[in-house]
1. Can you spot a residue in segment 21-28 that is in contact (Cβ under 8 Å) with a residue 24 or more places away in the chain, under 18 Å from the mean Cα position of the chain (by Cα), under 27 Å from residue 122 (Cα atoms) and assigned to a helix (DSSP H, G or I)?
2. Tell me, which helices (runs of 4 or more DSSP H) wholly within segment 53-149 include 3 or more residues that are more than 19 Å from residue 3 (Cα to Cα) and at pLDDT 95 or above?
3. Take segment 103-119 and flag every residue that is loosely packed, with under 12 Cβ neighbours inside 10 Å and without any contact (Cβ under 8 Å) to a residue 12 or more places away in the chain.
4. If we scan segment 5-15, do we find a residue that is farther than 30 Å from residue 101 by Cα and over 14 Å from the mean Cα position of the chain (by Cα)?
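The values are calculated or read from the model by the stated rules, or taken from the named source; none is laboratory data. Keep in mind that this is a model prediction, so the values were computed, not measured. Positions of Cβ are generated from backbone atoms using ideal geometry, with glycine treated the same way; all protein chains shown enter the neighbour counts.
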């Protein structure tokens, strides 16, 4: 009996609602905006958030992610419409991966590494993706879009946002 897969499907649905609301508010004319010179640009961060559902098939279909292979290139995004289309495509890919994965596959190990340096190995069902949504889609995007996006998580997010208050509103 599958018990985790419906849970992950529900979690993805819940996350997609909040993430979609945030990404819809990324203004096309402010894609290059940065809250600080050392920060990611709005488009880079929003693209990263839009990619997160695609981690699901990466984890369910593969046994590891090796950054040393250097096969990642960010999707070029030039407008909010392109960003939303990219997010919806990745969301569909994530949903499809959860439809086809078995409970037994989720028990297998998954490794994140950079060549010989292993960051972690854990069962696929405990992988990086689920917590990554909460860590990336909310605090950083909320910080960048503080004037237009409401908080979707509580606790540490509010504390973090207070500590990193941005005075420039877009």
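1. No, segment 21-28 has no match at all.
2. Of the helices (runs of 4 or more DSSP H) lying wholly inside segment 53-149, those with at least 3 residues that are more than 19 Å from residue 3 (Cα to Cα) and at pLDDT 95 or above span 80-100.
3. Selection gives 104, 116, 117, 119.
4. Restricting attention to segment 5-15, the residues satisfying the condition of being farther than 30 Å from residue 101 by Cα are none.
The answer is no; no qualifying residue exists.
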